[in-house]
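The values are calculated or read from the model by the stated rules, or taken from the named source; none is laboratory data. As the structure is a computational prediction, the values presented were derived from the model and not from experiment. Using ideal geometry, Cβ is built from the backbone for each residue, glycine included, and neighbour counts are taken over all protein chains shown.
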Amino acid sequence: MKRYLSLDVGDATIGIAASDLLGLTAQGVETIRRKNLETDMKRLRELMEAYETTSLVVGLPKNMNGTQGERCEVVRAFAAEIERAVPNAEIVFWDERLSTVAASRSLLEADLSRRKRRKVIDKMAAVFILQGFLDSLSMKHGE
């Protein structure tokens, strides 16, 4: 089984999650505070190396009606930069509609303060993105 990292790409941050070695569960890794493209790519390469993967699941923020707007273009442009910085990267786009809503609800249920939620919301959104992707893989394989 191969390991995946997922990315919830925002203007100020990138939430990162990783799958376990069996590809069953997603765990939050970190939230990258974006500085510049070079620094973002350096940290992403470090994480890919640490988790021994070239497979990335990138959340695609589609509109609620399924269309792709300006945010999708921004995310696709960032993914193109990843492909330039990490030529062997395998990028899969995953519909992330409602992942941030689900992450917020989960954190509210955990009774975290607003300040703590703000620190982890992007990482949690990446977990929801990756878990959805992993669940779809297991359904395809009939597990």
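Assorted remarks:
- No other residue among Ile91, Ile32, Ile16, Ile121 is β-branched (Val, Ile, Thr), modelled with pLDDT of 90 or more, more than 22 Å from Ser138 (Cα to Cα) and within 13 Å of the chain's Cα centre (by Cα) apart from Ile32.
- Unmet criterion (only one of (1) among the polar types (S, T, N, Q); (2) at pLDDT below 95; (3) in contact with a strand residue (DSSP E or B) (Cβ under 8 Å, 6 or more places away or on another chain)) for Ser55: (2)
- Candidates Ala17, Ala12 - the one that is in contact with a Phe, Trp or Tyr (Cβ under 9 Å, 6 or more places away or on another chain) and under 17 Å from Met124 (Cα atoms): Ala17
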